[in-house]
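Beneath this line is the structure, given in structure tokens, with notes to follow.
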């Protein structure tokens, strides 16, 4: 799925809040061009909640394994939790990373930095296989919604 098409799909989720830092805004330059998704039906960034999905378009200083600085490269990162992480990768998120080609496209791999927190990544998901990317983000969105509802109860 192209990044634009996947972004359009995620933007339709009920209660979604997208932060998309751009030049001149209040966010650091390193985040410009990236997208961060929260469940926030009130339109306010949750104070004690991380995004449930991110779209990154470049390498970060502590995260270069996916080689995202090349043309047209981007990575979908999704918080899936420990059980789904194991189901998707065959690994325990708390274990040391196995051998992975972090640059491979359209492959679900542990996030190169945030695996222990239950995050997975897909570099340039293939449009022919867009169902999995959408399903993972949808599940993460629904999980974030359930957490928010429990906090309000």
Counting each DSSP H run of 4 or more residues in the chain as -39500 (n - 2.57), what helix-only mean residue ellipticity at 222 nm follows after dividing by all residues, to the nearest 500 deg cm²/dmol? -8500 deg cm²/dmol
At 0.36 nm per residue, and after removing the present C-alpha to C-alpha distance, how many nm does the segment from residue 107 to residue 62 gain when stretched out fully? 14.1 nm
Label point distance in nm, residue 18-residue 95, each placed 7 Å from Cα along Cα→Cβ: 3.7
Ratio Rg/Rh, restricted to the range 3-152 and using Cα atoms, in which Rh is the Kirkwood radius: 0.94
Which order results if 121, 2 are arranged by neighbouring Cβ count within 10 Å, fewest first? 2, 121
May I ask you to derive the FRET efficiency for residue 117 and residue 149 from their Cβ-Cβ distance with R0 = 22 Å, giving the value to the nearest 0.05? 0.55
For the range 3-152, what does the relative contact order come out to in percent, with C-alpha contacts under 8 Å and a separation of six or more? 21
Say we join alpha carbon atoms closer than 10 Å with springs in a Gaussian network model of the chain; which of 115, 11, 138 then has the biggest fluctuation? 11
Least to most buried among 122, 30, by other C-beta atoms within 10 Å and fewest first, runs 30, 122
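Taken together, the values in this text are just the output of simple stated rules run on the coordinates, not laboratory data. Model, not experiment: these values are computed from the prediction. Using ideal geometry, Cβ is built from the backbone for each residue, glycine included, and neighbour counts are taken over all protein chains shown.
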